[in-house]
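Data block below; observations after.
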Amino acid sequence: MASTQEGDRDDQVAREPGERIGADLAHTLEEAARNLLERGDSEGIDHTLGLVVRGAIQSVPHVEQAGVSLVTKGGHVESHAPSSEVVHDLDRLQNELGEGPCLDSIWNEQRTLVDDMSRAHDRWPRYARAAAERGIGSLMSFQLFAQRGSAGALNLYSSRTHVFDEGTADTGRLFAAQAALVLHGAKRIEGLTVAVESRDTIGQAKGILMERFGVGQERAFSMLVESSQNTNLKLASVAEWLVREAEDAGRGPAR
């Protein structure tokens with residue numbers, strides 16, 4: 001897993017740590033924010049998380065691999081933007097084994113630090129062995145904060161042991177905060193998109209009722225609300241059904 005350029009990178013960090021990390025971090029956050037604004041779909045979220053992951057690898061000393069573990073609505077943990085197949089495989093293993101530092105960061109701790117994976121078998125007996133066999137020496141995992149609980153974790157890996165200290169942890173925490181902001185911003189964009197689409201659909205449904213029954217906008221909206229209450233469906237769902245029904249009727253019988 002060790003990068004062939006790691007020695008050069010470490011020398012550069014030693015010479016200009018503040019300048020280099022600050023420039024890389026600013027560039028990553030700027031690019032991630034721009035990407036999120038331009039692309040709010042799920043593909044855009046993964047792409048933006050990929051920028052954060054790559055930025056962490058480039059900026060945080062000794063980090064060679066990284067990835068993001070996200071919690072789904074069902075409580076399952078999924079791997080996003082893994083920098084390698086090893087990272088993806090370790091996320092999968094944690095789900096299967098039900099143990100690991102990334103899971104601990106998601107559910108229990110703000111940060112989990114493993115100095116030597118080969119000596120972590122007391123805490124995660126099966127995962128630690130599997131990670132060490134895949135060349136993982138050290139790991140830092142940071143919880144991604146959400147409005148309610150945890151959204152996931154940013155996981156940073158090195159093939160070397162005892163390389164992460166409070167300085168590297170502080171830099172890693174900045175990237176974790178950015179990843180959390182990406183997720184929060186993406187959810188807000190998704191919510192706004194759904195709201196706009198629902199508003200447009202409700203407007204179409206009102207137009208259909210106005211034409212069919214010769215009523216005004218207020219009465220058409222009241223009819224939608226009444227249908228929503230009678231069917232115990234959301235207003236947007238009733239509107240979608242009505243628009244679909246009108247479209248199907250407009251197509252006529254198949255020939």
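What follows draws every value from the coordinates through simple rules; no lab data is involved. Fair warning: this is a prediction, and the values are worked out from it, not measured in the lab. Don't worry about glycine lacking a Cβ; one is built from the backbone with ideal geometry, like all the others, and counts go over all protein chains shown.
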Worksheet item: Using the count of nearby Cβ atoms within 10 Å as a rough guide to exposure, how do 86, 52 rank from fewest to most?
Response: 86, 52
Discussion item. Cβ neighbours within 10 Å, averaged per peptide: list 241-248, 122-129 in order, most packed at the top.
Written reply: 122-129, 241-248
Worksheet item: Using θ = phi - 60° and the Karplus form 6.51 cos²θ - 1.76 cosθ + 1.60, what ³J(HN,Hα) does each residue of the range 159-176 get, whole Hz, x for Gly and Pro?
Response: 7, 9, 9, 6, 10, 9, 10, 5, x, 5, 5, 4, 5, x, 5, 5, 5, 5
Worksheet entry | Backbone HN-Hα couplings from phi across the range 60-71 [Karplus 6.51/-1.76/1.60, Hz, Gly and Pro as x] | 7, x, 6, 6, 10, 9, 7, x, 10, 9, 10, 8
Worksheet entry | Estimated FRET transfer efficiency (residue 73, residue 95; beta-carbon r; R0 25 Å; 0.05) | 0.95
Worksheet entry | Contour excess over end-to-end distance, with Cα ends at residue 213 and residue 246 and 0.36 nm allotted per residue | 10.5 nm
Practice prompt. Quickly rank 102-113, 170-181, 217-228 as a protection proxy: mean count of other C-beta atoms within 10 Å, highest first.
Written response: 170-181, 102-113, 217-228
